[in-house]
Amino acid sequence: MTILLNATPAPARDIDGKAISALVLDEVREEVEVLSRQQIFPALAVLLVGADPASEVYVRNKLLRAREVGIRSLEYRLAENASQAEVLDLIAQLNADITVNGILVQLPLPAHIDEAAVIHAIDPIKDVDGFHRENVGGLVQGIEVLTPCTPSGCMRLLHETCGDLSGKHAVVIGRSNIVGKPMATLLLQADCSVSVVHSRSVDAPALCRLADIVVAAVGRPGLIDASWLKPGAVVIDVGINRISSESGNRLVGDVDYASARTVASAITPVPGGVGPMTIAYLLKNTLIASQLQRAVGIRQAEPAFV
Ligand code: NAP
């Protein structure tokens, strides 16, 4: 047997979110084609209030990807100074419109609008973001509901990378309603032992070093480096942080990629990791919404609307 002294461990392999999201989009496209042969045409309505440049980009990408997989995409725009009543009126119209299967309100909303009131005005069966309290409750109880897109995408990345997750210890860093909490719930449903670390946790790096799987959703560039990781850990970096420098703007995650990949066995890059999965799962959710609506007998879009 040859023993290599001072051998440098192999760097982590990249978890390719672009390639895995392409698989998900193919699955959605195939399903949409099957439905279209039955004269069923899933449709997603996206509402943007105001003109936040980052939100404009997100909405454009979502609508583009929807069209690519054959999902009808409907764009609604309201001015920055639109009233809450106007937003709620539009949502009521979309709720009542049988040709619309999914409703997404791009967040954040302008400060004068109550975000929670808007989210909870969306019919839960059309809530493709999975943020409505009825869907949140269903997720915790393990009922089939619309589940937040980013955590769903992270679970797919983990399954593609690790296969069965049963018995693994997962640490989720961050406890937001849109990422951290649903992520922890999904990992628990996959039979992981789950710890959630947050800003009040004592010695977060030590807790994290116990993990086979680390999911970072914090919003702090490069917070998690090699010293937070157990050798061989699988790292999912949800963070998207815009860094400005003299050489221009770039996106970085919550994980110090160069440092972490010397210890981890697999890691998502930023960009190209979790980001593409979020859009893919939004479209998958639109399909699921259409299926759930058919299951409860809501009539679907007429061909004339396509
Ligand atoms: P958020 O609502 O601001 O939540 C951040 C969480 O991180 C909070 O729970 C906070 O703890 C915790 N935290 C802050 N500092 C910490 C520290 N030093 N140690 C441990 N925990 C700490 O953020 P979010 O909406 O979940 O988003 C997180 C990141 O993911 C952001 O960069 C966001 O842009 C990105 N994101 C990416 C996607 C995607 O598609 N890739 C989707 C959504 C979000 P407390 O609760 O104690 O305050």
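Averaged over residues, the count of other Cβ atoms within 10 Å places the peptides 281-293, 96-108 in the sequence 281-293, 96-108, highest first. Contact order, relative form, for region 78-190: 19 percent (alpha carbon pairs under 8 Å, 6 or more residues apart, mean separation divided by residue count).
A simple rule links phi to the HN-Hα coupling: the Karplus curve 6.51 cos²θ - 1.76 cosθ + 1.60 with θ = phi - 60°, which for region 81-88 gives 8, 4, 7, 4, 4, 4, 5, 5 Hz, with x for Gly and Pro.
Restriction of the GluC sites (Glu not before Pro) in region 107-203 to DSSP coil positions whose beta-carbon has at most 14 other beta-carbons within 10 angstrom yields 144. Close amide H pairs (under 5 Å, H built 1.01 Å from N) link residue 233 with 265, residues at least 5 positions away or on another chain. Residue by residue, region 140-152 carries 3J(HN,Hα) couplings of 5, 7, x, 8, 6, 9, 7, 10, x, 5, 5, x, 4 Hz when phi is fed to the Karplus relation 6.51 cos²θ - 1.76 cosθ + 1.60 (θ = phi - 60°); x denotes Gly or Pro. Within the chain, the ratio Rg/Rh, alpha carbon atoms throughout and Rh by Kirkwood, equals 1.00. Within the straight-line cut-off of under 30 Å between alpha carbons, the lysines reachable from residue 230 are 18, 168, 181, sequence neighbours fewer than 8 places apart in one chain being disregarded. With a Förster radius of 30 Å applied to the beta-carbon distance between residue 83 and residue 133, the computed FRET efficiency rounds to 0.80. Defining a contact as two alpha carbons under 8 Å apart and six or more residues distant in sequence, what relative contact order in percent does region 148-276 show? Relative contact order comes out at 21 percent.
Each Cα pair of region 93-158 feeds into the Kirkwood radius, which the Stokes-Einstein equation turns, at 37 °C and 0.692 mPa s, into a diffusion coefficient of 256 µm²/s. Taking the DSSP beta bridges with both ends in region 148-276, the antiparallel portion is around 25 percent. A straight chain from residue 294 to residue 241 at 0.36 nm per residue would run longer than the Cα-Cα distance by 15.1 nm. Please identify every one of the GluC sites (Glu not before Pro) in region 1-95 that sits in a loop by DSSP and has no more than 12 other beta carbons within 10 Å of its own beta carbon. In loop regions of region 1-95 (DSSP not H, G, I, E or B), the sparsely surrounded GluC sites (Glu not before Pro) are 80. Take the Cα of residue 206, step 7 Å toward its Cβ, do the same at residue 68, and the gap between the two points is 4.6 nm. Taking the longest Cα principal axis of the chain as reference, the axis of helix 274-295 is set at about 40 degrees. By the helix-only formula, in which each DSSP H run with n ≥ 4 contributes -39500 (n - 2.57) and the sum is divided by residues, the chain has a 222 nm mean residue ellipticity of -12500 deg cm²/dmol. In vacuo Debye scattering of region 148-276, one point per C-alpha: log10 I(q)/I(0) at q = 0.16, 0.18, 0.19, 0.21 Å⁻¹? Per q value, in the given order, log10 I(q)/I(0) is -0.70, -0.89, -1.00, -1.24. Take the alpha carbon gyration tensor of region 1-125, find the square roots of its eigenvalues, order them as a ≥ b ≥ c, and report rounded if a/c is under 1.5; if not, report prolate when a/b exceeds b/c, else oblate. Verdict is oblate for region 1-125. In sequence order, region 205-211 has phi-based couplings of x, 5, 5, 5, 5, 7, 8 Hz under the Karplus curve 6.51 cos²θ - 1.76 cosθ + 1.60, θ = phi - 60°, and Gly or Pro positions carry x.
Relative to the first principal axis of the alpha-carbon coordinates of the chain, what is the inclination of helix 53-68, with its axis defined by its Cα atoms, in degrees from 0 to 90 and to the nearest 10? Orientation of helix 53-68: about 70 degrees from the principal axis.
Every number here is computed from the coordinates shown, using simple stated rules; none is lab data. Just so you know, these numbers come straight off a predicted model, no measurement behind them. Positions of Cβ are backbone-derived with ideal geometry, glycine not excepted, and every protein chain shown enters the neighbour counts.
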